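I have placed the structure first, in the form of structure tokens, so that the comments after it can refer back to it.
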Amino acid sequence: MSADVAARAAELRRLLEHHGHRYYVLDSPEIEDHEYDGLFRELLELETAHQELQSPDSPTQRVGSAPLEAFTKARHRVPMLSLANAFSALEVEEFARRAGRGLGAVSGYVCELKIDGLAVSLLYEQGRLVRGATRGNGVEGEDVTAQLRTVRSIPVELRPPATGALPAVIEVRGECYLPKSAFARLNAELDDQGKSAYANPRSAAAGAVRQLDPRITARRGLQTFMYQLDPSDLAETQAGVLGALGELGFRVNPHHRRVDDVAGVLTYLDAWRARRHELDYDTDGVVIKVDDLAQQRELGSVSRSPRWAVAYKFPPEEVETTVLDIAVQVGRTGAATPVAQLEPVLVAGSVVRRCTLHNEDEVGRKDVRVGDVVLLHKAGDVIPEIVRVLVEKRQTDLAPWSMPAGCPSCGAALVREPEEAVRRCVNPLCPAQRRERLRHFASRAGVNIEGLGEAIIDQLVERGYVEDAADIYRVTREQLLTLDGFADRSAENLLAAIEARRRVPLGRLVNALGIRHVGEHTAMALAARFGTLEALEAASLEALLTTEGIGQVVAEAVERWFGAAQGRELLARLHAAGVEAVPDTGAGGGGGPGPWQGQTWVLTGSLENLTRQQAEDWIRALGGIPGSSVSRKTTAVVAGGAPGSKLEKAQRLGVRVLDEAAFLGELEAAGPQPEA
Ligand code: IVH
């Protein structure tokens, strides 16, 4: 290879890097797309002709390297924290007061849009990208270097800063997201291929980053906004950090603003509450940060979130739509749920077509009728919910809705037991129940077979390949190849995913069985108490009743399930199919190995610094079990604000009681935080 060739390749890389930065980072290209493509092709040809020119840093590598076998873990140098939330101006003021109390006077704040994507960490050594990782549980994420290298706005090599030397090691954090336009394109494509669409841009972005094949990631069109820099030697304020990040070549959201005081913050919030839908990305709020980094350091962090920042969440949107129909959906336990079919409507960033009405009483209470115009929002910005009927818009002739007498799937009676709000289909062979049981079995909460989604299960059932969970493990390649959109590769992948779940943690398997009244929580408690499937099968009612958090109703349901022919047969068939329960690991399950193994912690009252979910996840991550009721077996009770009768009971039984601060102290002392 001549020196000329090497020089030309270097020149091409420099040019492509420059124009890529103009286009993907600054959104202001200097050349036409076809000119860029020409340079790109030229470099690609040189690299193909001269292998020695190839390098992972080359712009040509943005199309993605070879697929990985699996993701490896990436431990963060410094834990990736999350933020405390504020849901109102009042709570933002409260945050500012708290910060001010610690400091005397806050120097100022930076307001940034809270991008609804996934947090990523980028590690650079001597200016070169050496690792990209997801947040994971904050302590440890997944190594997605090959995937993030394909994201055009992530520099593989840093630009030299205008002032100061580049530290040898730099970590940059920020958000990776899918623009709304790319999201719409992707979903249309998935639709065409008969695949299920993503619910929102955030899950689509997470899906794109978590592709084992980086070439797929490359095609999805991910974008980034970065906002954190470590070490922060290059700046003294958050505003300075954002500036420095821009200089180093990162994409920084242009809508951030430095304000002097909380009044300025509130003005910013008001402006963006109204404007946020104009953007080509989802934002679910505003992150407010103390600007001065020295003040940030002084404030420090509590548990998993810094005291120097807060995430203000935009209030959920409310939109009008029409109820086209109220269908009845039968779940895996036979529960018949009325579901409103809606005129599709965009709310809080995604199109909503249906919305649960829970049960007939709820329909009655809200008096929802087919044809009604209703007000819809998303609870917690996620779950669509009918707020109320706009009665003033009702046509006079709409009939009140009532629950049908028979199951829409099999025609059997829908029976309502005394004390229960739901009606249930009483036919255990009901096709709808069967399908839902299978969906639940394979789902993330169940044995978690990657890629075995609802649409595929439906096809397997329709074609008669699968009747119960055990059949899943007997599905053949030939059968899969008859399904819509399946080819050699996808069939292999699914078979491998099924194979990988032949050995499942006991708690998962118990949850997957779909025993009435047994959710994730209870399944984990049963797994922790009995250790093996055989022991659980053989458990007496008394033994079940002495399990933490399990009362009469649940114990009876478990006993009934394992006693019934249907349950026994399924277990025998799973066993014959080679399915095996393995001991639970602490991760995600609780009751496993970890410093708190064998301990049960009960939460009561409201916590200030953690959500209940976070607290429970943390307890589980340490190997403990978050209990739901207090007994002599309870290790400790955490009493938050306005604690209930559990506190009294703990005191009566002499169970140890901690307040939130003490609890946080123990959590922190015991180990890392769980996955968000
Ligand atoms: S700062 C110490 N700034 O929101 C925490 N976060 O719950 C540093 N996010 O995990 C986070 N936009 O994924 C920060 N401008 C922004 C953000 C932002 C989105 C996400 C991030 C984080 C979560 C906080």
Checklist line | Helix 33-49 axis, angle to the chain major axis (alpha carbon atoms, nearest 10°) | finding: 90
Item checked: the stretch 531-583: C-alpha gyration tensor shape, a/c 1.5 cut-off, then a/b vs b/c -> oblate
Notebook entry, point to check: So, with a 1.4 angstrom probe, what is the percent of accessible area on the chain that is carbon and sulfur?
Noted result: 50
Check: Could you give me the ³J(HN,Hα) list for the stretch 151-160, computed from phi with Karplus coefficients 6.51, -1.76, 1.60 and θ = phi - 60°, whole Hz, x at Gly and Pro?
Finding: 7, 4, 8, 8, x, 7, 9, 7, 8, x
Note to self: As I understand it, the value is the acute angle between the Cα axis of helix 660-670 and the longest principal axis of the Cα atoms of the chain; what does it come to in degrees, rounded to 10?
What the structure shows: 70
Notebook entry, point to check: If you plug each phi of the stretch 446-453 into the Karplus form 6.51 cos²θ - 1.76 cosθ + 1.60 with θ = phi - 60°, what whole-Hz ³J(HN,Hα) values come out, in order, with x for Gly and Pro?
Noted result: x, 6, 6, 8, 5, x, 9, x
Check: Mean separation of Cα pairs under 8 Å and 6+ residues apart, divided by the residue count of the chain: what relative contact order is that in percent?
Finding: 10
Checklist line | Accessible area (Å², per residue) of the chain, counting only protein heavy atoms and a probe of 1.4 Å | finding: 47
Checklist line | For residue 237, distant residues with modelled amide H under 5 Å away | finding: 293
Checklist line | Burial ranking of peptide ranges 628-636, 1-9 (average Cβ count within 10 Å, highest at the top) | finding: 628-636, 1-9
Check: If you line up the Cα atoms of the stretch 329-403 on their principal axes, what length do they span on each, largest first, in Å?
Finding: 33, 32, 18
Notebook entry, point to check: Where q = 0.12 Å⁻¹, what log10 of I(q)/I(0) comes from the Debye formula for the chain, counting one point per Cα?
Noted result: -1.58
Item checked: Computed P(r) (all Cα pairs; the stretch 401-467; 10 Å bins; percent) -> 20, 39, 30, 11
Next item on the list: Sequence neighbours fewer than 8 away in the same chain don't count; with that in mind, list the lysines whose C-alpha is under 20 Å from residue 633.
Entry: 646, 649
Next item on the list: Take the cross-link list 73/114; 180/289; 180/378; 180/366 and give me the ones stretching past 28 Å between alpha-carbons.
Entry: 180/366
Note to self: Let's test the formula: R0 of 51 Å, r as the Cβ-Cβ distance of residue 52 and residue 181. What FRET efficiency results, to the nearest 0.05?
What the structure shows: 0.85
Next item on the list: Name the residues whose placed amide hydrogens come within less than 5 Å of the amide hydrogen of residue 348, ignoring near sequence neighbours (fewer than 5 apart) on the same chain.
Entry: 317
Checklist line | Pairwise Cα inverse-distance average, inverted: Kirkwood Rh of the stretch 274-401 (Å) | finding: 17.4
Margin query: If each DSSP helix of 4+ residues adds -39,500 (n - 2.57) and the sum is divided by the residues in the chain, what number results at 222 nm, nearest 500 deg cm²/dmol?
Written below: -11000 deg cm²/dmol
Next item on the list: Find the relative contact order for the stretch 198-247 and round it to a whole percent, using C-alpha pairs within less than 8 Å whose residues are 6+ positions apart.
Entry: 23
Notebook entry, point to check: What does the convex hull of the alpha-carbon atoms of the stretch 233-348 project to on average, in nm²?
Noted result: 12.1
Check: Check residue 314: other-chain or 5+ apart residues with amide H under 5 Å from its amide H, H built from backbone geometry?
Finding: 285, 286
Notebook entry, point to check: Lone cysteines in the chain, going by a 4.7 Å Cβ-Cβ cut-off?
Noted result: 111, 176, 355
Next item on the list: Compute the signed sum of charges (Lys and Arg +1, Asp and Glu -1) over the other residues within less than 13 Å, Cβ to Cβ, of residue 130.
Entry: -1
Next item on the list: With just the Cα atoms of the stretch 43-102, tell me how far they stretch along each of the three principal axes, in Å, largest first.
Entry: 64, 26, 22
Check: For the stretch 474-508 and the stretch 409-463, what is the separation of their C-alpha centers, rounded to whole Å?
Finding: 20
Note to self: From Cα pairs below 8 angstrom and at least 6 apart in sequence, can you work out the relative contact order of the stretch 442-492, rounded to a whole percent?
What the structure shows: 21
Notebook entry, point to check: Where the centroid of each part is defined by its Cα atoms, how far is the stretch 343-406 from the stretch 126-154 in Å?
Noted result: 43
Check: To the nearest 10 degrees, how steeply does helix 565-576 sit against the main Cα axis of the chain, on a 0 to 90 scale?
Finding: 40
Checklist line | Protection-proxy order for peptides 28-35, 659-666, 61-68, each taking the mean of Cβ atoms within 10 Å per residue, highest first | finding: 659-666, 61-68, 28-35
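The values are calculated or read from the model by the stated rules, or taken from the named source; none is laboratory data. Computed from a predicted structure; not experimentally measured. Counting neighbours? That spans all protein chains shown, and the Cβs are built from the backbone with ideal geometry, glycine included. The accessibility values were calculated without ligands, DNA or RNA, using every heavy atom of the protein model including side chains. Shrake-Rupley method; radii C 1.70, N 1.55, O 1.52, S 1.80 Å.
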